[in-house]
1. If you go through region 127-143 one residue at a time, do you hit one that is aromatic (Phe, Trp, Tyr), within 16 Å of the ligand (Cβ to nearest atom), closer than 28 Å to residue 266 by Cα and touching a residue at least 12 places away in the same chain (Cβ under 8 Å)?
2. How about region 435-462: which of its residues are within 16 Å of the ligand (Cβ to nearest atom) and touching an Asp or Glu at 6+ places or on another chain (Cβ under 9 Å)?
3. Working only within region 183-205, note down all residues that are under 23 Å from the mean Cα position of the chain (by Cα) and polar (S, T, N, Q).
4. Quick check on this structure: which one of 108, 56, 97, 76 is in contact (Cβ under 8 Å) with a residue 24 or more places away in the chain, in a helix (DSSP H, G or I) and closer than 26 Å to residue 265 by Cβ?
5. Counting only residues that are within 16 Å of the ligand (Cβ to nearest atom) and touching a residue at least 40 places away in the same chain (Cβ under 8 Å), give me the helices (runs of 4 or more DSSP H) lying completely in region 282-372 with at least 2 of them.
6. Please work out which one of (1) of a type outside the set (A, V, I, L, M); (2) in contact with a helix residue (DSSP H, G or I) (Cβ under 9 Å, 6 or more places away or on another chain); (3) farther than 22 Å from residue 162 by Cα is the condition residue 95 fails and give its number.
7. With 364, 330 as the choices, which residue is out of contact with any His (no Cβ under 7 Å at 6 or more places or on another chain) and either aliphatic (A, V, I, L, M) or surrounded by fewer than 19 Cβ atoms within 10 Å (Cβ to Cβ) (or both)?
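The values are calculated or read from the model by the stated rules, or taken from the named source; none is laboratory data. No experiment lies behind these values; they were computed from the predicted model shown. So basically every Cβ, Gly included, is an ideal-geometry build from the backbone, and we count neighbours across all protein chains shown.
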Amino acid sequence: MSLQYRSTRSDTQLGSFTDILLEGLAPDGGLAMPQSIPQVSLQTLADWSGLSYAQLAARVMHRFADDLPFEVIERLAAAAYTEQTFHSKAIAPLTPLGVEQGAPIALLELSNGPTLAFKDMAMQMLGQLFEYVLTSRGQTLNILGATSGDTGSAAEYAMRGKKAVNVFMLSPQGRMSDFQRAQMYSLQDPNIHNWSVPGSFDDCQDMVKAVSADLAFKAKYRIGTVNSINWARITAQVVYYFAAYFQAVRQYGLQLGDPVAVSVPSGNFGNVLSGYVAKRMGLPLSRLVVATNENNVLAEFFNSLVYRPRGSTETYVTSSPSMDISKASNFERYVFEMLNGDASALADLWRQLSSTGQFSLADNQPVRDRIAASGLVAGQSSHAQRLAAISDIYSKYHRVIDPHTADGINVGRQYLRAGEPMLVLETALPAKFGQTIEDALGTPAPRRAGLENLESLPQRVVAITQDVEALKARIADQALL
Ligand SMILES: *Cc1c(COP(=O)(O)O)cnc(C)c1O
């Protein structure tokens, strides 16, 4: 029997991988988790260590998606992870920077995809999986989303031209950078619809929630999402931790089994959760460093074991904006694992969270022990430290890094251990955040060839009103059925 999934909040069974692929929250409000985490032996690591990225992706993902034939996943991964899309044969190359306090430091380049941020790594595979599953079932899907710039563009580039999929993406008028706007609105594919809203990202998000709350409408027009709680995205991200580890073993002359640390610029906790899953599968990751910016909910948790998410009024606008998140949606999955899969204990904590706004795990010794054993540690980085890291990495290693990666460097540097490589995930390219790079270095960010004239390409966007009924009418008119 194939691997089964269940909810974090009750014993509700959710079926196998393809059953949860297109779903959002479980009916009880929880998130999907596998009944058990697949295990990988040292021998399997040895067998996988020389594979191409696409081959590795197929093997890792098939462990979680074993209701799909291996040959299908292999074909979809080969289509998703090409040199043409990711501008590199390695797809996610590991680039050494130098040695500090006896620890080699390297960047894992995850941002060479079409939208210059790591979300492409999972989203490109999701596009392939959605198209395959929908066409084989004879179904269609209308993805409705709201974006502040990054997730929406990664979703659009992954779904453009895909059969059986339509994308309706709401974006806040005048609140994205010129680069982000141009990246999304220059897409001319007929299945991609950019609708701009006079308001903030939260206003866009509220409109999406209002439409999704109308269950009859949602079912009739086959509305779905591609948000950060999607389990397939988590599994696609597990892959690059394996790719990173194998490259570190080769570049630093390690033995398979030697420990490596990873630093992860974090917001919604999806990326670092994937790292944790890789570690649980048996990948020898000693520590996973959760790097936050001034929005330090996660750093606060790992240092106090109190989880206190913030509201939008307490969320700061920072120069690493993709991490300006104060309620980390995937964190629930990690807590579920720390509770040893006890869904009723998790449901109690989340009830407490909604009534008091926080919960503490500090008095629970078995949970404390599991958190310590999980290898997750955390810290935060400020605007000034971010600029200093961009400038320091440039002067020491002649490499321009983006502000999110700079947070990863800053917090990673707090956890160096002599002899143990620290791999910092490069979650975006500097070109995407040109102003901050100019502030730090006094020169413009480098841009990949082919993107020089992005802002002057023709744009296709429709300005809509902040009116849920009008939005529904527009969806009804344009949905793929
Ligand atoms: C989304 C994003 C993050 C945060 O990743 P999570 O999986 O939400 O923790 C960090 N950096 C960049 C550039 C991003 O786009």
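1. Step one: filter region 127-143 for residues aromatic (Phe, Trp, Tyr), giving 130, 132.
Cutting the leftovers down to within 16 Å of the ligand (Cβ to nearest atom) gives us none.
Looking for residues that are aromatic (Phe, Trp, Tyr), within 16 Å of the ligand (Cβ to nearest atom), closer than 28 Å to residue 266 by Cα and touching a residue at least 12 places away in the same chain (Cβ under 8 Å), one finds none in region 127-143, hence no.
2. Result: 436, 437, 445.
3. Passing the criteria: 183, 194, 200, 205.
4. Details: 108 fails: in a helix (DSSP H, G or I); 97 fails: in a helix (DSSP H, G or I); 76 fails: closer than 26 Å to residue 265 by Cβ.
One residue alone meets the criteria, 56.
5. Values: elements: 297-304, 331-338, 343-356.
Where helices (runs of 4 or more DSSP H) fall fully within region 282-372 and carry at least 2 residues being within 16 Å of the ligand (Cβ to nearest atom) and touching a residue at least 40 places away in the same chain (Cβ under 8 Å), they are 297-304, 331-338.
6. (2)
7. Values: 330 fails: either aliphatic (A, V, I, L, M) or surrounded by fewer than 19 Cβ atoms within 10 Å (Cβ to Cβ) (or both).
Residue meeting the stated conditions: 364.
Matching residues to (1) under 23 Å from residue 122 (Cα atoms); (2) among the charged types (D, E, K, R):
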{"site": "384", "(1), (2)": "no, no"}
{"site": "392", "(1), (2)": "no, yes"}
{"site": "395", "(1), (2)": "no, no"}
{"site": "401", "(1), (2)": "yes, no"}
{"site": "404", "(1), (2)": "yes, no"}
{"site": "409", "(1), (2)": "yes, no"}
{"site": "415", "(1), (2)": "no, no"}
{"site": "419", "(1), (2)": "no, no"}
{"site": "426", "(1), (2)": "yes, yes"}
